[in-house]
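One structure is given below, encoded as structure tokens.
The values are calculated or read from the model by the stated rules, or taken from the named source; none is laboratory data. From a predicted model like this one, the values you see are computed outputs, not experimental measurements. A quick note on method: Cβ atoms are made from the backbone with ideal geometry, for glycine too, and the neighbour counts reach across all protein chains shown. Quick note on the areas: whole protein, heavy atoms, side chains included, nothing else; ligands and nucleic acids left out. Shrake-Rupley method; radii C 1.70, N 1.55, O 1.52, S 1.80 Å.
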Amino acid sequence: QVQLVESGGGFVQPGGSLRLSCAASGFTFRMFAMAWYRQAPGKAREHVAAIGIRGIDTNYRDSVKGRFTIFRDNAKGEVYLQMNDLKPEDTATYFCNAARLPDVYWGQGTQVTVSS
């Protein structure tokens with residue numbers, strides 16, 4: 001049974017930091033590219049960051065470059081999103097994604113709220 005379980009979300013003030021984690025099971029994690037997406041209320045889901053299977057190639061949406069870092073631990077089957085200097089516009093539900101076409105898996109999401 002494939003599972004992606006996110007954790008680490010919460011409430012934080014602007015300028016604060018959070019680290020999201022995604023624990024994977026039920027598939028060969030090291031063979032899948034991993035990514036984080038987010039969805040704010042009333043908005044479409046958007047790509048935030050992605051990382052290749054070896055953890056070397058990464059890419060980010062422009063609005064999080066320099067503030068967010070994605071990394072993975074293939075031995076543990078986990079992917080992380082370190083989020084620094086958080087802004088109110090980062091408020092959203094964050095979803096973990098695993099992809100090795102044609103297989104694509106999603107987690108249930110973890111809420112991040114940035115507010116003063």
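One residue stands out among those in the stretch 19-43 that are open to solvent by 60 Å² or more (accessible area, probe 1.4 Å) and under 25 Å from Asn84 (Cβ atoms): the one that is modelled with the lowest pLDDT, which is Pro41. Give me the residue from the stretch 86-102 that is assigned to a loop (DSSP other than H, G, I, E, B) and within 13 Å of Thr113 (Cα to Cα) and, out of that set, least open to solvent (accessible area, probe 1.4 Å). Applying the filter and picking the extreme gives Leu86. Do we have Gly77 as open to solvent by less than 50 Å² (accessible area, probe 1.4 Å), more than 21 Å from Asp57 (Cβ to Cβ) and in contact (Cβ under 8 Å) with a residue 40 or more places away in the chain here? Answer is no for this residue.
Look at Thr58 and say whether it is surrounded by 14 or more Cβ atoms within 10 Å (Cβ to Cβ) and in contact (Cβ under 8 Å) with a residue 60 or more places away in the chain. It is false that Thr58 is surrounded by 14 or more Cβ atoms within 10 Å (Cβ to Cβ) and in contact (Cβ under 8 Å) with a residue 60 or more places away in the chain. The combined condition, being in a loop (DSSP other than H, G, I, E, B) and touching a residue at least 24 places away in the same chain (Cβ under 8 Å), is fulfilled by Gly15.
Got at least one residue in the stretch 1-8 being outside any strand (DSSP E or B) and open to solvent by less than 50 Å² (accessible area, probe 1.4 Å)? Before you say what the answer is, go through the steps one by one.
Of all residues in the stretch 1-8, those outside any strand (DSSP E or B) come to 1-2, 8.
Filter once more, keeping what is open to solvent by less than 50 Å² (accessible area, probe 1.4 Å): 8.
Yes, because at least one residue in the stretch 1-8 is outside any strand (DSSP E or B) and open to solvent by less than 50 Å² (accessible area, probe 1.4 Å).
Among the residues making up the stretch 63-74, those that are crowded, with 18+ Cβ neighbours inside 10 Å and more than 13 Å from Cys22 (Cα to Cα) are Val64, Phe68.
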